[in-house]
1. Using the structure shown, decide if residue 185 is away from ligand 1 (no atom under 16 Å from the Cβ) and without any contact (Cβ under 8 Å) to a residue 12 or more places away in the chain.
2. Can you work out which of the residues in the range 309-342 that are within 16 Å of ligand 2 (Cβ to nearest atom) and in contact with a strand residue (DSSP E or B) (Cβ under 7 Å, 6 or more places away or on another chain) is nearest to residue 223 (Cα to Cα)?
3. Which members of the range 6-21 meet the condition of being assigned to a strand (DSSP E or B) and either over 27 Å from the mean Cα position of the chain (by Cα) or free of Cβ contacts under 8 Å to residues at least 40 places away in the same chain (or both)?
4. Within the range 274-281, can one find any residue that is within 11 Å of ligand 1 (Cβ to nearest atom), over 29 Å from the mean Cα position of the chain (by Cα) and in a loop (DSSP other than H, G, I, E, B)?
5. Does the range 158-174 hold any residues that are within 35 Å of the chain's Cα centre (by Cα) and either loosely packed, with under 13 Cβ neighbours inside 10 Å or not in a helix (DSSP H, G or I) (or both), and which are they?
6. Among residues belonging to the range 241-266 that are more than 22 Å from residue 141 (Cα to Cα) and under 28 Å from the mean Cα position of the chain (by Cα), point out the one that is nearest to ligand 2 (Cβ to nearest atom).
7. Do we have residue 371 as at pLDDT 90 or above and on the phi < 0 side of the Ramachandran plot here?
8. In the range 234-251, which residues are under 16 Å from residue 219 (Cα atoms), near ligand 1 (Cβ under 10 Å from one of its atoms) and without any contact (Cβ under 8 Å) to a residue 40 or more places away in the chain?
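The values are calculated or read from the model by the stated rules, or taken from the named source; none is laboratory data. If you're wondering where the values come from, they're calculated on a predicted model, not measured in any experiment. In this analysis, Cβ positions are derived from the backbone assuming ideal geometry, glycine residues included, and neighbour counts consider all displayed protein chains.
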Ligand SMILES: Nc1nc2c(ncn2[C@@H]2O[C@H](COP(=O)(O)OP(=O)(O)O)[C@@H](O)[C@H]2O)c(=O)[nH]1
Ligand SMILES: [Mg+2]
């Protein structure tokens, strides 16, 4: 039988209000025991004294909300106790709930129950976790959209078409060769080809949704003393990296998480690029190069006192914004490369223009579009499997083999929304949740 669970759904105590959530078949009885009154009508808040079931001692005066199954978050009977957010209040009420036989919810348990009771599919459940973790406006928008079923609708419609094609394929296997209507076979072929094309287009999104979910990686690169750490500090608005006139001060990568016009950005300050014999500095430079290789965008900083050498220029490519630093020191000693931005972290000149240039890159690479974007590597893997199965199905020499590959393609799509083969995925997905969600 399903247990009745509870968890503190709000964070750090003390707080103005603390909310304990309950879900499961025992909720009504627990509310009656705790309040010594009838359960309030569903969805209307009632002020109730909460009493310890053994001693009768009043533990708090709380707002009690009841949601009757199935019209609740989990699909079960659910209650919320809005307590005064004191440590002793919460400790007293949780002790009372344990005394009444309730168990503490595991992380993600409420959303897992919602999934198990068909209140949402896996992409929607993942979106709940993403929404709670969202740090910028665009992350919030993407999560809300996915929570509303934008991805599940797309994947379910594809799965629907596949399952229909599969049914026709299997029916055709039962006909003898002469009896197969040729336009039916052609129709299946077209459905599979169309789906293959649509999935390929959906996958070729330059990881838009995943980048928005995980953050866009920007690396600050350049020679020692170019002003890299100073730029990180100005953009981050705090002293995250050590700034020093001594060359080679920054040796490890220092990261700052920024919100640039709604885009989540992980900005990394790196060790200055130069030839060196110092082991530790060399390791720092190795890390800087590695980060340059994986960054979505590079800011290549050039100080005005000397022309950049080959070591510095070697990291430059199409995903690089070139920046001339220390503009306050006067014109550079060399002709700056075309398209170079000019700024000074001392006066702040050019910083806004840099933020605009970064935003333009972000708009181009992860800007919101009409089509929903896949947000996790898990989705990408399943879609790739689906597409590969379709490719095999389309070139299968026998109808039986074509049907089998089509079945595999449908199953791969089903894994994304949780319509098949989900048990092993559940733990991974719900592990990321916080307790009380
Ligand atoms: N005049 C001037 N000096 C700067 C500017 N930005 C950084 N510096 C100085 O240049 C030196 C090196 O800066 P730092 O940020 O540590 O460079 P990094 O080695 O590239 O990280 C420090 O003495 C900074 O104060 C600037 O915009 N104008
Ligand atoms: Mg530095």
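1. So residue 185 does not fit the description; no.
2. If we take residues in the range 309-342 being within 16 Å of ligand 2 (Cβ to nearest atom) and in contact with a strand residue (DSSP E or B) (Cβ under 7 Å, 6 or more places away or on another chain), then 312 is nearest to residue 223 (Cα to Cα).
3. 15, 16, 17
4. yes
5. 160
6. Across the range 241-266, the extreme among qualifying residues is 241.
7. Judged against the criteria, residue 371 is not a match.
8. 241, 250
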